[in-house]
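**Q** I have a structure here, written as structure tokens, and I will follow up with some questions on it.
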Amino acid sequence: MSRHPATRNPGALRHRPDCLSSADRHNVDRVRPLALLGALVMACSSLAAHAGAPRDGDVFTNPAGSRPWPGPDVTLPFFARKTWTSLVGRDGAAPRVPYDRAAMLENPSLTWIGHSTLLVRMDGVTFLTDPIFSERASPVSFAGPKRLVPPGVPLDALPPIDFVTLSHDHYDHTDLASIEALARHGTRFVAGLEMGDLVRAAGGEVVELDWGESVQMGAVRVHCVPAQHFSGRSIVGNGRRLWAGWVVEGPTRRFYHAGDTGYFDGFRALRERFGQIDVAALPIGAYEPAEIMRFVHLDPEEAVRAALDLGARHTVAMHWGTFDLTDEPPDEPPRRFRAAAEAAHLGPDRAWVLAVGETRRW
Ligand SMILES: [Zn+2]
């Protein structure tokens, strides 16, 4: 892998860093001025021969093809049930503990803020994954899936955040109000191709990457890796922003955030490419009805299979107990996850189920 220093050009409104400039790339020209970066030294490169995410015209697809979609006899009753639960609410929130500021600032450490939002400290950098601090995962403030549990750490209690990874554009992962608040403090964003419009609309600076590409953020390298999912924030124009997972690789630690994904052979491929992952954050919830969800989300047993494929030192469960998105009881995923982990001889020290607000050292 070659490394080039990023072009520093504070006077330009937009520029294309030399690391992202090959002519056959997909307009990865979204890197904006680095003037606000301060001490954060940044360099980036693309892999010599990365395959990139598959596309069909201007729509991204999955290596496994298109998502199977059941008929209206399955989908319509599901949407009706979720409209109902978003109005009346359901029990089953993840347990929450008061956050421990000293623990949260340890290096390395990991704090579950809820859903797929993790605060990670490693190799001297501090970052957030898929930050959502809003009341609802929705385009509107008065409807849509409501939080079952408040964020484990409020936005204004966070330490300075060096960067944020965004896995995809769904409302429970790309929350514009949270991006806006973080951008005001100078946080930078790393996201998949074509995600830039959203981040910039919220005032953030963003580096957009294809699968197989990476960017240096201070002491760590952030790699964009495949996920099996989809994208879209309305009923039209879906698939035009890329979904991804992230491997954050530092001098002493490797962290993986799977984003949203179904079970696929990408986990084994990551192990081959990166070797030992120290912590893998895997989604374990939002799996029923399986006819709709299986291709795009892991169920708890599949999450354990993924953990075994990855061979990670630790796995942390996420994407459960925070927003009520699907049919299974919100508190079922961790029970099934722990049972499957025990059956696979992954004890509580290997397969973590955290409370919201809880911090672990790793
Ligand atoms: Zn999603």
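The values are calculated or read from the model by the stated rules, or taken from the named source; none is laboratory data. From a predicted model like this one, the values you see are computed outputs, not experimental measurements. Every residue, glycine as well, gets a Cβ built from its backbone with ideal geometry; the counts of neighbours run over all protein chains shown.
**Q** Is it fair to say residue 234 is modelled with pLDDT under 95 and within 15 Å of the ligand (Cβ to nearest atom)?
**A** Criteria met by residue 234.
**Q** Got at least one residue in the range 253-271 being touching a residue at least 60 places away in the same chain (Cβ under 8 Å), basic (Lys, Arg), within 14 Å of the ligand (Cβ to nearest atom) and not in a helix (DSSP H, G or I)?
**A** Checking the range 253-271: not a single residue is touching a residue at least 60 places away in the same chain (Cβ under 8 Å), basic (Lys, Arg), within 14 Å of the ligand (Cβ to nearest atom) and not in a helix (DSSP H, G or I).
**Q** Condition test on residue 113, is it of a type in the set (Val, Ile, Thr), in a loop (DSSP other than H, G, I, E, B) and modelled with pLDDT of 95 or more?
**A** no
**Q** Criterion first (buried (at least 24 other Cβ atoms within 10 Å of the Cβ), in contact with a Pro (Cβ under 6 Å, 6 or more places away or on another chain) and either more than 24 Å from residue 85 (Cβ to Cβ) or not aliphatic (A, V, I, L, M) (or both)) does residue 299 satisfy it?
**A** no
**Q** Hey, another quick one. Which of the residues that make up the range 282-309 are touching a Leu at 6+ places or on another chain (Cβ under 6 Å) and among the hydrophobic types (A, V, I, L, M, F, W, C)?
**A** Correct list: 286, 303, 306.
**Q** May I ask you to list the residues in the range 138-157 that are crowded, with 22+ Cβ neighbours inside 10 Å and touching a Leu at 6+ places or on another chain (Cβ under 8 Å)?
**A** Answer for the range 138-157, where residues must be crowded, with 22+ Cβ neighbours inside 10 Å and touching a Leu at 6+ places or on another chain (Cβ under 8 Å): just 153.
**Q** Against the conditions (1) farther than 28 Å from residue 254 by Cα; (2) part of a strand (DSSP E or B), where does residue 191 fall short? Just the number, please.
**A** Looking at each condition in turn, residue 191 falls short on (1).
**Q** Quick one: how many residues across the range 53-88 are touching a strand residue (DSSP E or B) at 6+ places or on another chain (Cβ under 9 Å) and at pLDDT 95 or above?
**A** Result for the range 53-88: 4.
**Q** In the range 281-301, what count of residues is obtained for those that are part of a helix (DSSP H, G or I), away from the ligand (no atom under 12 Å from the Cβ) and within 18 Å of the chain's Cα centre (by Cα)?
**A** 1
**Q** Which members of the range 289-305 meet the condition of being out of contact with any Ser or Thr (no Cβ under 8 Å at 6 or more places or on another chain) and under 14 Å from residue 260 (Cα atoms)?
**A** Selection gives 294, 295, 299, 300, 302.
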